[in-house]
Structure formats: C-alpha cells, structure tokens
Number of protein chains: 2
Amino acid sequence: MSKPLILVTNDDGITSRGIRRLISLMQQLGEVVVVAPDSPQSGMGHAITVGDILRLTETDIYPGLQAFKCSGTPADCVKMAKDLVLKSKKPDLVVSGINHGSNTSISVLYSGTMSAAIEAAIENMPAIGFSLCDYESSADMDHVDEYVLRIAKEALVKDMGHGVALNVNFPAKQKESIQGIRICRQANAKWQEDFDQRVDPYGRKYFWMTGNFINHDKGEDNDEWAIANNFVSVVPCQFDLTSYHAINLLNDDWNFE
Amino acid sequence: MSKPLILVTNDDGITSRGIRRLISLMQQLGEVVVVAPDSPQSGMGHAITVGDILRLTETDIYPGLQAFKCSGTPADCVKMAKDLVLKSKKPDLVVSGINHGSNTSISVLYSGTMSAAIEAAIENMPAIGFSLCDYESSADMDHVDEYVLRIAKEALVKDMGHGVALNVNFPAKQKESIQGIRICRQANAKWQEDFDQRVDPYGRKYFWMTGNFINHDKGEDNDEWAIANNFVSVVPCQFDLTSYHAINLLNDDWNFE
C-alpha cells in the first residue's frame with residue numbers, strides 16, 4: 001500500500017517552529033509536501049490574492065521533501081498547492097499549523113491557519129488546523145505531539161463529513177497532562193479590541209490594535225471550556241454561512257413588497 | 001424622533017462608485033457616518049491588521065458627512081468605527097458596498113464587503129453587505145436603488161436575528177426589470193482557479209490567479225438561482241462555523257482513545 005499523501009501549510013510562515021514540528025510529525029504518517037507562506041500571515045482570515053501577482057518558489061530548507069514557499073495567503077497556498085504542485089494527485093489529508101496562538105471561538109474567522117484548512121474543505125480534502133493556545137514563539141510544544149498524531153491518524157481512516165475541516169486547539173503546557181480530547185462547538189465569545197494611539201516621528205497619529213478576549217458562553221460543550229479545562233478541543237467547521245433559522249425569521253416577519 | 005445612525009463601509013475603497021451610491025441612498029434614511037478603506041481591499045476575507053500599524057484619517061470628500069479613511073481591511077474599518085469614531089453611539093444599521101462584483105455562494109468567505117458586515121454582526125449591530133453581480137467599474141446601477149432602500153428600511157424596523165448579517169446580491173442590469181427579492185441559502189458552488197504563469201523582466205516566473213465559477217447546486221432556494229433568474233438574493237449569514245451534524249459523526253465514529 002502506498003503511503004498517504006499529506007499537504008502541510010500554515011500561516012506563521014514556512015520556517016516557523018510550529019510548521020517544522022508538524023512536518024516532522026506528519027513524516028511519521030505519510031509522504032509530506034509543504035506549500036507555505038514565505039512570511040507571517042497571521043490574522044489574514046480567508047483572504048486571497050486578487051489584483052496582485054503571486055510567486056511560488058521551491059526551497060531546499062526541508063531536505064528530502066518537496067517544499068515550496070508562496071508569496072500569498074494561506075488560502076492561496078492551498079490553491080497553488082492543488083493546481084501547481086500536486087496537480088492530479090489529491091492529498092489524503094491537509095494539515096495547517098501548528099499555529100503559535102489560539103484559534104478557538106470567533107478567532108476561527110480571523111485565522112489564516114483555519115482559512116487554509118477551510119479552503120481544503122471547499123475542495124473536499126480532509127483538513128485539520130492545529131493551534132497551540134500559547135503566543136510565545138518559544139512555547140513548549142512537547143505535550144501536543146501524541147494528540148496531533150492521534151487526530152491525524154483518525155482523519156486518514158475515518159470520514160469527517162463532506163466539506164468539513166477540523167479546528168483543533170491545544171492548551172498551553174501545564175503541570176498536569178492534557179485531560180483528553182473534546183469534540184466541541186465554537187464558543188460564543190469575541191475580542192474586545194483596544195486601539196493604542198501613538199504619534200509617528202512626523203507628527204501623525206497611528207494605532208496598534210490590541211484586544212481582550214471576552215467569553216460570554218456559559219456552556220461546557222464549547223472549545224473555550226475545553227481549553228480552560230486542559231482538554232484538546234476539536235470543532236468541525238463548515239463553509240456554509242447561511243443562518244437557516246434566520247431564513248424563517250425573514251420569511252415570516254419581513255416585508256419586501 | 002432622532003434619525004437612525006447608519007455606518008457605511010465597503011471593500012473597494014472610500015472613493016469607489018459603489019460606496020458613493022450607497023452613501024447617497026442611506027442619506028435618505030438617516031444620519032450617515034463613513035469609515036472605509038483608503039485603497040481597494042477586494043478578496044481580503046475576514047482579515048484584520050495584527051502586527052502592523054493602522055491609520056484613520058478624517059476626510060472632507062463627502063461634504064456635510066463625518067467620513068474617515070482607514071489604512072486597514074474592511075473588518076478593521078468596522079472595529080475602528082465602533083471604538084474611535086462612534087464610541088458610545090451604537091449604529092442602528094451597518095451597510096457595506098455596493099461591491100463591484102458578485103459575492104454570492106462561496107464568495108462570501110473571500111469577500112471584504114461581507115467581512116465588514118459580519119464584523120458588525122459579531123458586535124450585534126444589524127448589518128447588510130450589498131453587491132452587484134457585474135465586475136465592470138462603470139456598470140449600470142440604477143436598477144438597484146429601490147431594492148437597497150427597501151431592504152435597508154426593513155432592517156431599520158425589523159429584527160434580523162442575533163449575530164446575523166444579510167448578504168444581498170443584485171443581478172447585473174438586464175432589459176427586463178428585477179423580478180423581486182428572494183430569501184435564500186448560500187449556493188453550493190465554488191471557484192475553480194486557474195494560474196496564468198508569466199516571466200518577469202528579471203527572468204523569474206510569477207502567477208496571476210484567475211478562476212471560473214462552478215455551480216453544482218441543483219436547488220432553486222439558493223442565491224445563484226436567484227441571480228440567474230433576475231431576482232435580488234438575500235442570504236442571512238452567521239459567524240458560527242460549527243458543523244453540528246459533523247459533531248454527531250465524530251462522536252459516533254471517531255476514536256480518540
């Protein structure tokens with residue numbers, strides 16, 4: 001039996017610690033091809049490059065692997081990997097990460113890591129985005145390895161549903177071992193941003209966006225609860241944004257005549 | 001009674017024809033504040049600016065209106081409008097557009113126009129993204145006015161549901177008048193991208209991404225069908241990406257022990 005083909009990408013850039021760890025783990029499971037951004041793309045959401053050029057360059061930074069750096073966004077990486085690198089070979093799994101920082105709850109919308117996974121899901125490729133809830137670039141990652149492998153192995157043999165991508169988040173390393181894996185819904189939480197105003201050397205004001213995470217969700221079936229309780233969270237995500245209950249509301253109450 | 005407060009933004013930039021038309025329509029309904037990108041931001045998806053500075057500059061291009069150009073993405077515009085311009089005043093409606101080009105079906109994910117509306121929905125502000133299914137910058141827009149007003153008027157008096165934003169698309173102008181408004185789900189269609197490879201003056205290759213829209217959806221309750229049949233499509237959108245049916249699938253069939 002031939003080895004499964006695994007496409008690895010991320011949003012922190014092709015040389016980040018997280019993607020290096022993910023590549024080395026995926027090499028235990030299959031044939032790995034890497035197509036990742038040539039520079040950090042955090043917060044890019046599901047951006048794609050229209051109206052500007054894209055570059056795709058083979059690199060030898062991962063000896064023995066086919067690896068390409070891409071000038072575009074994480075979603076661009078998946079599109080270019082599919083059409084220009086893998087061509088007729090459909091990957092058995094697309095993995096993105098390991099992101100340096102949380103992508104739980106509403107952050108899934110802003111996340112470049114998850115946009116790559118969702119782009120793969122649009123193409124009906126099984127896909128997983130992995131994120132570590134620790135923003136330190138030197139964060140300890142030893143505790144995630146067995147869980148990355150366990151989830152990826154299941155994804156290679158089980159169906160995750162048509163057009164679904166998994167959003168996997170790991171708690172930051174704690175004294176106690178991880179409690180296990182929880183299948184969750186996206187928590188109802190959000191960022192309360194804060195703009196730090198400064199003045200540049202030319203006397204013009206500018207801003208840095210910072211923010212605090214506000215969790216209003218009282219449930220225990222969501223990804224924020226899982227992470228707060230030292231579980232790995234797994235949220236299956238879809239790309240149909242239709243609010244079906246709002247369709248009924250609009251049909252019943254609104255008048256467009 | 002005081003006039004409703006309406007925030008206007010877009011992704012084509014603060015001087016585009018579409019936003020100028022939307023501003024002038026919204027002035028018929030309320031007090032308008034404009035916060036829009038200082039340059040085109042098409043295809044930006046739900047990107048936000050992290051790790052870089054943001055600028056927000058008041059401009060007098062719309063005499064009599066409070067208007068600001070923002071160096072960031074459409075989602076940044078809504079965040080900056082809320083925190084730095086409107087402050088304690090919550091808008092009664094946030095409108096984005098009128099986009100030059102379709103945002104039906106899967107394009108909602110890539111759309112800067114809709115990311116602004118969804119960002120507003122996260123803040124529980126009623127929000128609508130308007131797009132014209134015509135990519136010509138000089139496209140005829142006369143036929144959309146009455147529908148923009150009709151939908152915005154309803155949104156000012158009716159509830160669209162918590163955390164919902166409407167994705168409104170208009171057919172390109174045809175000989176026949178628009179047939180009416182259809183409340184729809186997002187069609188199951190996607191872009192099949194195509195990379196046009198070229199060589200720069202320095203001998204290095206680069207790519208332009210182009211694409212063809214592929215519609216596999218056989219239904220008549222979706223936005224593609226509506227546009228193809230000369231209706232205005234209205235899709236209520238949400239920001240919870242959880243695939244609830246996949247939660248059951250994972251719980252039943254996957255083994256994480």
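Return a yes/no flag: does the stretch B:85-105 have any residue that is acidic (Asp, Glu), over 23 Å from A:Met114 (Cβ atoms) and surrounded by fewer than 19 Cβ atoms within 10 Å (Cβ to Cβ).
Looking through the stretch B:85-105, none of the residues is acidic (Asp, Glu), over 23 Å from A:Met114 (Cβ atoms) and surrounded by fewer than 19 Cβ atoms within 10 Å (Cβ to Cβ).
Taking the condition at pLDDT below 95, closer than 21 Å to A:Trp191 by Cβ and of a type in the set (A, V, I, L, M, F, W, C), does A:Met44 pass?
yes
Applying the selection to the stretch B:193-216, what residues are in contact with an Asp or Glu (Cβ under 8 Å, 6 or more places away or on another chain) and without any contact (Cβ under 8 Å) to a residue 60 or more places away in the chain?
Residues satisfying the conditions are B:Glu193, B:Asp194, B:Phe195, B:Tyr206, B:Phe207, B:Trp208, B:Met209, B:Thr210, B:Gly211, B:Asn212.
When only residues in the stretch B:212-242 that are in a helix (DSSP H, G or I) and among the charged types (D, E, K, R) count, which is nearest to the other protein chains (Cβ to nearest Cβ)?
B:Asp223
For the stretch B:142-161, give me the residue count where each residue is of a type in the set (A, V, I, L, M) and buried (at least 19 other Cβ atoms within 10 Å of the Cβ).
6
Tally the residues that are in contact with an Asp or Glu (Cβ under 7 Å, 6 or more places away or on another chain), buried (at least 23 other Cβ atoms within 10 Å of the Cβ) and hydrophobic (A, V, I, L, M, F, W, C), restricting the search to the stretch A:25-44.
So the count comes out to 1.
Restricting the search to the stretch B:45-63, which residues are assigned to a loop (DSSP other than H, G, I, E, B), surrounded by fewer than 22 Cβ atoms within 10 Å (Cβ to Cβ) and either more than 7 Å from chain A (Cβ to nearest Cβ) or touching a helix residue (DSSP H, G or I) at 6+ places or on another chain (Cβ under 6 Å) (or both)?
Hits for the stretch B:45-63 are B:Thr49, B:Asp52, B:Thr59, B:Asp60, B:Ile61, B:Tyr62, B:Pro63.
If you scan the stretch A:15-39, which residues turn out to be under 14 Å from A:Val95 (Cβ atoms) and touching a Lys or Arg at 6+ places or on another chain (Cβ under 6 Å)?
Listed by number, the residues that qualify are A:Gly30, A:Glu31.
Residue check: is B:Ser42 within 14 Å of chain A (Cβ to nearest Cβ) and in contact with a Lys or Arg (Cβ under 7 Å, 6 or more places away or on another chain)?
Against the criterion (within 14 Å of chain A (Cβ to nearest Cβ) and in contact with a Lys or Arg (Cβ under 7 Å, 6 or more places away or on another chain)), B:Ser42 does not qualify.
Which residues, counting only those in the stretch A:221-257, are acidic (Asp, Glu) and over 15 Å from B:Thr242 (Cα atoms)?
Once the filter is applied, which keeps residues that are acidic (Asp, Glu) and over 15 Å from B:Thr242 (Cα atoms), the stretch A:221-257 yields A:Asp252, A:Asp253, A:Glu257.
Just the residues that are of a type in the set (Lys, Arg), more than 7 Å from chain A (Cβ to nearest Cβ) and either under 19 Å from A:Asn248 (Cα atoms) or not in a strand (DSSP E or B) (or both), please, taken from the stretch B:147-206.
Residues satisfying the conditions are B:Lys153, B:Lys173, B:Lys175, B:Arg182, B:Arg204.
The values are calculated or read from the model by the stated rules, or taken from the named source; none is laboratory data. Given the structure is predicted, the values throughout are model-derived calculations rather than measurements. In this analysis, Cβ positions are derived from the backbone assuming ideal geometry, glycine residues included, and neighbour counts consider all displayed protein chains.
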